[in-house]
Structures are given as structure tokens and as C-alpha cells.
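The values are calculated or read from the model by the stated rules, or taken from the named source; none is laboratory data. No experiment lies behind these values; they were computed from the predicted model shown. Because the Cβ atoms are built from the backbone with ideal geometry, glycine has one as well, and the counts that use them run over all protein chains shown.
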Amino acid sequence: MELSSVQMEEDELLISHDVVSLFTSTPVTESLEVIRERLQCHPEWRYKTLLEVDDIMELLEFITSYLLPHFCFNGQIYRQKFATAMGSPVSPLVANMFMEHL
């Protein structure tokens, strides 16, 4: 199998990211800003729900900031203060949107 190469234009820039611990490195506040911006700029999502942007953002903030970042270790309950929670079904969406923005 032969791989084909892609020619880059002079004004194009190739960027590569090597992310360690993606979910635990994804800033929630900045990620939610990116998601809000995307929802406001691309109205196609309105065909899937009757929720408004503010409703979606309120739900995402609740899930990422209050509901999921709590975990139990050694009989103690802790709250993760930064990044998205590992194992959360929302974390891949949030991390992917943030990485796409970068």
C-alpha cells in the first residue's frame, strides 16, 4: 500500500499536538466557551433539539463542573478542580471540541 503525500500551500502551517492525559488536561471553562461559540455560529444543531444555547450550556456546566468531577478514594469523597472527568460520556465531546478549536 502506497501512502500519498499532500502538498501544502506556502501560507499553510502544519501543527501537531501530542497530548498527555487528554481529559485531565482539558480546561473546562475555555472548552465551554468554545462550545457556546460553535453553537451560536452553527445553527444546524437546532434540528436535533428545542433547547436554546443557554439551556445547553447550563446543562454542560452542571455536568462538567458539579455532577461528574466527584470521586471516592479510600473512603473519602473528592472534587476534581480542573479538567474533565475521566470516564464521563461528556468528556470526549468537550475535549474533542477544545482540541479542534486549537
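Structure above, values below:
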{"item": "Hey, Arg36 at pLDDT 90 or above, more than 23 Å from Val20 (Cβ to Cβ), in a helix (DSSP H, G or I) and out of contact with any Asp or Glu (no Cβ under 7 Å at 6 or more places or on another chain) or not", "result": "yes"}
{"item": "Of residues in segment 60-83 being of a type in the set (A, V, I, L, M) and under 18 Å from Asn96 (Cβ atoms), the one modelled with the highest pLDDT", "result": "Leu60"}
{"item": "Residue ID - farthest from the chain's Cα centre (by Cα), chosen from residues in segment 68-102 that are of a type in the set (Ser, Thr, Tyr) and either assigned to a helix (DSSP H, G or I) or within 30 Å of Ser16 (Cβ to Cβ) (or both)", "result": "Ser88"}
{"item": "Unique match (being in a loop (DSSP other than H, G, I, E, B) and either surrounded by 12 or more Cβ atoms within 10 Å (Cβ to Cβ) or of a type outside the set (A, V, I, L, M) (or both)) among Ser16, Ser31, Ser65", "result": "Ser16"}
